[in-house]
Amino acid sequence: MKALILVGGFGTRLRPLTLSVPKPLVDFGNKPMILHQIEALKEVGVTEVVLAINYQPEVMLNFLKDFESKLGIKITCSQETEPLGTAGPLALARDKLADGSGDPFFVLNSDVISEYPFAELIQFHKSHGGEATIMVTKVDEPSKYGVVVMEEETGKVERFVEKPKVFVGNKINAGIYLLNPSVLDRIELKPTSIEKEVFPCIAADSGLFAMVLPGFWMDIGQPRDYITGLRLYLDSLRKKAPSKLASGAHVLGNVLVHETAVIGEGCLIGPDVAVGPGCVVEAGVRLSRCTVMRGARVKKHACISSSIIGWHSTVGMWARVENMTILGEDVHVCDEVYSNGGVVLPHKEIKSSILKPEIVM
C-alpha cells in the first residue's frame, strides 16, 4: 500500500520553531511529528510514503533518508511549484499513487496526531465497499469546524456543514483518509480542496463513508494545541506503553525523558512533559506541561510551564518561563529573567524580562 502525507507550506503558525526546520520535522514527544505517522503506516504494510510539499523538500528528504533504511520504507517527495490546496497534490502525485494494483491509498494531514488506527480503517473501508473513507472525531464545539453529517449505523456520509450555526452533529473531519484509486479521476491538477470540492461529490454518489476515530485526536499545528496534544499523547502512552514513561520520586504524572537526557538532584518534573535527547536539566528545576527539545539546558532552580523550549536553547538559573513562551532554536534566557508568553526568534539572548506576550525579534 501507499500513502500521501499533505505537508504543504511554511508552517507559519508554529514559528519560530519552523524557522529552523520544516514543520513535520519539529519534535513532538521526542521525535519529529511526521515520524509518528510514518511508523504507524509502516506497521499496517505501507511500503511507500509520498510527501506533498512546496517548501524545502531537500531538507525533508535529507533528514528522512536515515529513516528510509531504518524503517525499510520508501519515502519520496512530490513538489508543488504553486500551492495546490488539499486535493491538487493527489493529482500531482497520481503516477506514484495509482500503480495499477487497485489498492486503496492513505492520505493524511501532517499536523494530525492520534493513535492512527489504520488497521481498523482498512477493515472498515473493505467492509462498506464505497469509494472513500474519512475518519471523523467528536469535538465539544462543532461550530468552529466543518461538521460531517452521517448515518450512525452504516457510517455513510450524507453531507458536510461548514461552521454550523445550529447543531447538526459533533463529528468533524480528522484529516485521515483511505481512498480508492478511482478518486483520482475526480481531481484536476489545479488548486482544489478535497474537503469542499471532492468529498461532497463522492457523498452525492453515495460512495463516502466515515469511521469515528477511537482514542484521542489533535491538530498540533499551533503552540497551544501542541501542548494539549502532548498531554493527550502521553495519556495514550500511559495506557498503551507505560514502560516508555519516566518514573521516580521526581516525576509527577506523565513524563517522557529521552535516555540520553540528564536530570539533576531535587527536580520536580511533570505532568505532561517531554525532555529530548542530550538535554541537561540541572538541580532543583521545576517543569510542567512543556517540551524541552534536543540539546537544551535548563539551569538550577529554573521553572518552566506551558511552554516550548527549542533545540540547543538555555534557560538560566532561577529564570521563570511560562504562559505559552516559545523559544526558537539556540535562544538563551539569562539568569533570573521572567518570560510571560514571549515568542523568541532563533539565536537570541534574552537579558531582560518579557512581562506580557510579545514577539522578540
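The values are calculated or read from the model by the stated rules, or taken from the named source; none is laboratory data. Being a predicted model, the structure only gives us computed values, none of them experimental. Because the Cβ atoms are built from the backbone with ideal geometry, glycine has one as well, and the counts that use them run over all protein chains shown. These accessible areas exclude ligands, DNA and RNA; they are computed on the full protein's heavy atoms, side chains included. Shrake-Rupley method; radii C 1.70, N 1.55, O 1.52, S 1.80 Å.
At 222 nm, what helix-only mean residue ellipticity would the chain give, in deg cm²/dmol to the nearest 500, using -39500 (n - 2.57) for each DSSP H run of four or more?
Per the formula, -5500 deg cm²/dmol.
Tell me, which longest segment in the chain has none of the trypsin sites (Lys or Arg not before Pro) that fall in DSSP loops with at most 11 further Cβ atoms within 10 Å?
166-350
For Cα extents along the principal axes in Å, pick the label among (1) 53, 46, 40; (2) 63, 42, 38; (3) 72, 65, 47 that corresponds to the value derived from the coordinates.
(2)
If you keep only loop residues by DSSP, which GluC sites (Glu not before Pro) in the stretch 218-311 have at most 10 other Cβ atoms within 10 Å of their Cβ?
Hits after loop and neighbour filter: Glu259, Glu265.
Work out the charge dipole of the chain with +1 on the Cβ of Lys and Arg and -1 on the Cβ of Asp and Glu about the Cα centre, then indicate which of Ile350, Leu184, Pro242 is farthest towards its positive end.
Looking along the dipole axis, the top candidate is Ile350.
What residues have an amide H closer than 5 Å to that of Thr192, excluding those fewer than 5 places away on the same chain, when H is modeled at 1.01 Å from N in the peptide plane?
Residues meeting the amide H criterion: Gly85, Thr86, Ala87, Gly88.
Taking +1 at the Cβ of each Lys and Arg and -1 at the Cβ of each Asp and Glu, which of Trp217, Leu6, Phe28 sits farthest along the dipole of the chain towards its positive end, judged by Cα position relative to the Cα centre?
The listed residue farthest towards the positive side: Phe28.
Distance cut-off 24 Å, Cα to Cα: go down the list Lys2/Lys23; Lys163/Lys240; Lys96/Lys190; Lys23/Lys70; Lys126/Lys190 and report the pairs above it.
Lys163/Lys240; Lys126/Lys190
Sort Val49, Val212 by accessible area with a 1.4 Å probe, largest first.
The residues order as Val212, Val49, largest area first.
Quote the charge dipole size of the chain about the Cα centre in Debye, to the nearest 20; the model charges only the Cβ of Lys and Arg (+1) and of Asp and Glu (-1).
800 debye
Name the longest site-free stretch of the chain, where the excluded sites are chymotrypsin sites (Phe, Trp or Tyr not before Pro) in a DSSP loop with no more than 15 other beta-carbon atoms within 10 Å.
In short, 11-166.
Using a 1.4 Å probe on the protein heavy atoms, what percent of the accessible area of the stretch 230-359 belongs to carbon and sulfur?
Of all accessible area on the stretch 230-359, carbon and sulfur atoms account for 52 percent.
Could you do me a favour and compute the accessible area per residue for the stretch 30-83, 1.4 Å probe, result in Å²?
Roughly 45 Å² per residue, with all protein chains present.
Considering only protein heavy atoms and a 1.4 Å probe, what is the carbon-and-sulfur percentage of the accessible area of the stretch 2-219?
The computed percentage sits at 50.
How much area per residue is accessible in the stretch 238-342 when the probe is 1.4 Å and only protein heavy atoms are counted (Å²)?
Averaged over the residues of the stretch 238-342, the accessible area is 40 Å².
Cross-link candidates for Lys356: which lysines have Cα within less than 25 Å, leaving aside residues fewer than 8 places away along the same chain?
Lys299, Lys300, Lys348
Among all the lysines, which ones have a C-alpha under 22 Å from Lys165's C-alpha, if same-chain residues fewer than 8 places away are not counted?
Result set, ordered by chain and number: Lys138, Lys144, Lys196.
With +1 on each Lys and Arg Cβ and -1 on each Asp and Glu Cβ, and nothing else charged, work out how big the dipole of the stretch 171-272 is about its Cα centre, in Debye to the nearest 20.
Charge dipole of the stretch 171-272: 240 debye, to the nearest 20.
Find how many whole Å separate the alpha carbon centroid of the stretch 3-71 from the alpha carbon centroid of the stretch 98-132.
19 Å
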